[in-house]
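Engineer: Here it is, the structure, as structure tokens.
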Amino acid sequence: MARTFLRSGLIVSLVLLGTSSARAQFKKPALGGLDGPFSNFADDPLAEPVTASAYFTEPNSAGIAILHVTAKIAPDWHIYSITQPAHGPKRTTLKLSESGGFSLVGNFVPDPIPKVHQDEVAFPGVSLEEHTSSVTWSAPIQLKPGTDAQKLRIEGAVNAQACKVQCNLPKDYRFVAAVRLGAATPADVVARGPGAANIPVAPSSPKPIAVAPDRAAAAVTEFRPSGVHATVKGELDSSEVVPGGILKLRLTVSPETGFHAYEYSDHDHSEFKPTLIALASPDSWHIKSVQADRPPRRVKSAADAALELPLYEEPVTW
């Protein structure tokens with residue numbers, strides 16, 4: 001395996017093999033049953049892999065506050081997003097008890113956004129949106145006239161399916177939210193109804209961050225890492241980005257004749273050595289999603305006729 005560096009602080013890990021053999025050692029994962037991915041006996045059944053807490057900000061002059069719900073997730077565990085697509089694992093839902101003191105006036109927004117990857121064995125064709133470590137969902141609420149914010153208590157639950165090697169059954173992780181004194185609600189947060197972008201995530205006129213001296217410098221020239229039978233080229237779609245914004249990076253890998261690169265994955269695994277992409281810096285940046293410009297060609301493994309290896313023999317851009 002050769003690991004190469006781009007000037008933008010990106011790490012690309014590639015394994016390029018001759019196309020004539022396309023060999024890989026692999027062991028099929030167990031599916032179903034008590035030892036499968038949806039067993040309810042994941043490690044210690046008494047340990048809670050998720051804990052939930054919440055608070056809301058002091059309401060502004062319009063009676064609007066922001067409710068923050070946080071799920072702390074145990075190491076090596078994950079839960080799925082509140083936007084997890086259908087036909088995949090259990091989507092997380094946020095439950096709020098009915099109360100005469102407030103109403104929800106916007107959708108919950110996660111911080112950080114979930115990590116997205118594919119698992120073609122368990123959920124073919126479905127993107128998996130996962131949260132690890134910690135996630136906070138925020139949504140605006142409207143306090144009813146006459147409601148005392150300091151006396152208001154909002155009971156609720158994070159209903160989530162926690163997974164490690166296997167998955168627990170979905171359950172409610174309960175919380176009670178009270179006002180956090182000193183946590184002010186911005187004056188420009190207003191009630192616009194569910195689905196509205198009510199929560200500002202950055203100043204209205206943020207100062208852009210320069211990621212390259214100019215537009216021309218945003219295009220990284222092609223280079224060939226030592227010991228790798230391929231060339232790599234990186235290109236940014238802009239020379240600057242605002243805080244909280246999205247910057248698109250295009251990476252093109254061109255294997256030499258007679259060699260190929262495997263498809264991208266967000267983690268290494270035993271079936272074959274995939275292409276890995278990771279940010280080395282800045283620490284506060286993260287990859288939202290990775291998509292190839294076309295699907296890979298699938299070639300049967302010489303080591304296991306049941307295994308198809310996803311590979312690119314021509315240039316591919318992620």
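The values are calculated or read from the model by the stated rules, or taken from the named source; none is laboratory data. All values reported here derive from a predicted model rather than from experimental measurement. Note that we place each Cβ from the backbone using ideal geometry, even for glycine, and neighbour counts take in every protein chain shown. For the accessible areas, the whole protein counts, side chains as well, though only heavy atoms, and no ligand, DNA or RNA atoms are used. Shrake-Rupley method; radii C 1.70, N 1.55, O 1.52, S 1.80 Å.
Engineer: Looking for something open to solvent by 60 Å² or more (accessible area, probe 1.4 Å) and either over 30 Å from Glu98 (Cβ atoms) or hydrophobic (A, V, I, L, M, F, W, C) (or both) - is there at least one such residue anywhere in the range 134-148? Quick ask: steps written out before the conclusion?
Structural biologist: Filtering the range 134-148 for residues open to solvent by 60 Å² or more (accessible area, probe 1.4 Å) gives 144-146, 148.
From what is left, the residues that are either over 30 Å from Glu98 (Cβ atoms) or hydrophobic (A, V, I, L, M, F, W, C) (or both) are none.
Looking for residues that are open to solvent by 60 Å² or more (accessible area, probe 1.4 Å) and either over 30 Å from Glu98 (Cβ atoms) or hydrophobic (A, V, I, L, M, F, W, C) (or both), one finds none in the range 134-148, hence no.
Engineer: Looking for something within 30 Å of Val228 (Cβ to Cβ), over 26 Å from the mean Cα position of the chain (by Cα) and either at pLDDT 95 or above or open to solvent by 60 Å² or more (accessible area, probe 1.4 Å) (or both) - is there at least one such residue anywhere in the range 27-36?
Structural biologist: Within the range 27-36, the subset within 30 Å of Val228 (Cβ to Cβ) is 27-29.
Those left that are additionally over 26 Å from the mean Cα position of the chain (by Cα): 27.
Those still in the list that are either at pLDDT 95 or above or open to solvent by 60 Å² or more (accessible area, probe 1.4 Å) (or both) too: 27.
Yes: the range 27-36 contains one or more residues that are within 30 Å of Val228 (Cβ to Cβ), over 26 Å from the mean Cα position of the chain (by Cα) and either at pLDDT 95 or above or open to solvent by 60 Å² or more (accessible area, probe 1.4 Å) (or both).
Engineer: Provide a single number: the residues in the range 69-87 that are buried (at least 18 other Cβ atoms within 10 Å of the Cβ) and of a type in the set (Gly, Ala, Ser).
Structural biologist: Result for the range 69-87: 2.
Engineer: Right, another one. Please enumerate the residues belonging to the range 172-198 that are at pLDDT below 95, surrounded by fewer than 16 Cβ atoms within 10 Å (Cβ to Cβ) and within 24 Å of the chain's Cα centre (by Cα).
Structural biologist: Pro194, Gly195, Ala196, Ala197
Engineer: Shifting gears a bit: Any residue in the range 283-303 that's over 24 Å from Pro114 (Cα atoms): show its pairings with residues that are open to solvent by 100 Å² or more (accessible area, probe 1.4 Å) at Cβ separation under 8 Å, as long as the two are six or more apart or on different chains.
Structural biologist: Correct list of pairs: Ser301/Arg23; Ala302/Arg23; Ala303/Arg23; Ala303/Gln25.
Engineer: Just need a number here: residues in the range 152-169 that are modelled with pLDDT under 95 and either open to solvent by 20 Å² or more (accessible area, probe 1.4 Å) or of a type in the set (Gly, Ala, Ser) (or both).
Structural biologist: 5
Engineer: Give the residues of the range 286-318 that are β-branched (Val, Ile, Thr) and modelled with pLDDT of 85 or more, sorted by residue number. Talk me through it step by step, then tell me what you get.
Structural biologist: Going residue by residue through the range 286-318, those that are β-branched (Val, Ile, Thr) are 287, 290, 299, 316-317.
Matches in the range 286-318: Val290, Val299, Val316, Thr317.
Engineer: Next question. Please go through the range 57-97 and pick out each residue that is over 16 Å from the mean Cα position of the chain (by Cα), farther than 21 Å from Val165 by Cβ and of a type in the set (A, V, I, L, M, F, W, C).
Structural biologist: Ala62, Ile64, Ala65, Ile66, Leu67, Val69, Ala86, Leu94, Leu96, listed by residue number.
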